[in-house]
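Have a look at the structure below before the remarks.
The values are calculated or read from the model by the stated rules, or taken from the named source; none is laboratory data. All values reported here derive from a predicted model rather than from experimental measurement. Every residue, glycine as well, gets a Cβ built from its backbone with ideal geometry; the counts of neighbours run over all protein chains shown.
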Amino acid sequence: MDNSSTTALILIDVQRGEVLAGEHGVPHMPGGHERHERIRALLAAARQAGVPPVFIQEVHKRSLVDFGRELDGSEGVHCLEGEVATELAEGLVPEADEYLIRKRRYSAFFATELELVLRSYGVLTLLLVGALTDVCVHYTFADAHQRDYRCRVLSDCVGGSSYESHEAALRAMTYLQRDCLITCADALEGLADDTYASPATIPAEMTT
């Protein structure tokens with residue numbers, strides 16, 4: 001893979017539980033199948049454009065030893081090792097030279113190797129997709145923002161615990177980066193015309 005891209009596609013917890021029938025510990029707003037379809041198209045385009053995908057998967061031990069405070073709120077037990085709902089979604093799995101990062105908390109940065117991977121690629125801009133908009137996507141966005149990454153959240157490729165929570169999280173992220181919201185179509189266009197591989201996307205203050 002060409003490492004010259006200044007952008008990475010971050011697939012946050014795009015797991016089977018979002019589209020499986022039944023309860024899996026975490027509520028999801030409708031539309032999961034459609035979101036996954038768009039993300040599959042986006043993944044193919046990113047690979048074609050030389051934009052590296054980084055897959056994030058929330059996983060917990062069946063003993064529950066690594067949940068910490070996650071079960072203090074509305075979420076039930078979720079993302080246990082060995083469960084079908086925890087597996088990455090169909091057609092959204094890493095190839096041999098791509099990274100899969102497993103996490104135990106909401107943010108993809110917390111206690112993981114994500115920042116090392118991004119620095120290895122020379123990444124400055126993140127395309128964020130996945131679930132949940134109001135939890136793991138939002139927490140990852142906030143940590144990325146505080147590390148001075150330029151973030152682009154694909155509003156039709158993220159899904160919240162509810163539509164209301166999804167919309168509130170999008171507004172909160174826009175408060176931090178006013179231009180952060182784009183659509184899948186916007187991203188596909190940018191990938192096709194090399195917008196996301198161009199050094200022109202590097203903020204001047206991050207090149208010194």
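Brief remarks follow.
- Among (1) touching a residue at least 24 places away in the same chain (Cβ under 8 Å); (2) surrounded by fewer than 23 Cβ atoms within 10 Å (Cβ to Cβ); (3) not in a loop (DSSP other than H, G, I, E, B), the one test that Ala44 misses: (1)
- Cβ pairs under 8 Å, 6+ apart, first in the range 167-190 and over 15 Å from Gly130 (Cα atoms) and modelled with pLDDT of 95 or more, second buried (at least 18 other Cβ atoms within 10 Å of the Cβ) and of a type in the set (Gly, Ala, Ser): Leu188/Ala45
- Of the residues Gly76, Gly50, the single one that is surrounded by fewer than 19 Cβ atoms within 10 Å (Cβ to Cβ), in contact (Cβ under 8 Å) with a residue 40 or more places away in the chain, closer than 22 Å to Phe110 by Cβ and not aliphatic (A, V, I, L, M) is Gly76.
- Filter result for His138 (farther than 14 Å from His28 by Cβ, of a type outside the set (Asp, Glu) and touching a strand residue (DSSP E or B) at 6+ places or on another chain (Cβ under 7 Å)): no
- Of all the residues in the range 5-39, those that are out of contact with any Cys (no Cβ under 6 Å at 6 or more places or on another chain) and either within 14 Å of Leu191 (Cα to Cα) or aromatic (Phe, Trp, Tyr) (or both) number 5.
- The residues on offer are Leu11, Leu100, and the sole one that is more than 20 Å from Gly159 (Cα to Cα) and not in a loop (DSSP other than H, G, I, E, B) is Leu100.
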